[in-house]
1. Can you go through M28, M1 and tell me which one is at pLDDT below 75, open to solvent by 90 Å² or more (accessible area, probe 1.4 Å) and over 60 Å from the mean Cα position of the chain (by Cα)?
2. What about E69, is it surrounded by 10 or more Cβ atoms within 10 Å (Cβ to Cβ), modelled with pLDDT of 70 or more and in a helix (DSSP H, G or I)?
3. Being part of a helix (DSSP H, G or I), surrounded by fewer than 10 Cβ atoms within 10 Å (Cβ to Cβ) and of a type in the set (D, E, K, R) narrows it down to one of E83, E40, so name that one.
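The values are calculated or read from the model by the stated rules, or taken from the named source; none is laboratory data. Keep in mind the model is a prediction, meaning the values are calculated, not measured. Heads up, the Cβs are rebuilt from the backbone with ideal geometry, glycines too, and the neighbour counts pull from every protein chain shown. Surface areas here come from the heavy atoms of the whole protein model, side chains and all, with no ligands, DNA or RNA. Shrake-Rupley method; radii C 1.70, N 1.55, O 1.52, S 1.80 Å.
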Amino acid sequence: MKQLRLAAAALLLVILSGIGALPTYANMFERIKDIYDTPERLQELQNQYNDTKEQLEGQLESQREQLEESRRQTEELLQSQAEMQRMNDDYRQQNEALIAENQELVNRMQQLEEKRKSLIRKAIWTAGILIGLIALYALAVRVWRFMVWRKQGRDGAAGRSGRTGRGALLP
């Protein structure tokens, strides 16, 4: 029985090795066929490589152009910003100068207003003084004429007979 078992095991081994030999043979045949087809596949791979390389070079060139355009735009923006900053500084200086000039004009207007008010006050005082002097002069003339009339009236009573009848008249 030992031999029978040994024979069965050997038979099973032969069957199993025969089943495995077919795919191995087929794989080997496929490999040989692949070796003969390799130049065609190599050419296909070379074409794919060249296409990919051209595509990548195109993308690289496109990215370089975009980078250059971005750099140019950045430089333009920086120049524009610098120009705007310079203009802003100029406007700020002009604004400060105008503020100072405005303050000077305001001060000058206040001084002129004070001078005008002072001149008006002086004119009013001068007019008042002149009116007062005219009134004082008129009063002085009246008083003087009254005094002359009175003096002539006393002297006129004594010497009326020699007079022609013209006496001092009051206004």
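1. M28
2. Against the criterion (surrounded by 10 or more Cβ atoms within 10 Å (Cβ to Cβ), modelled with pLDDT of 70 or more and in a helix (DSSP H, G or I)), E69 qualifies.
3. After applying the criteria, what remains is E40.
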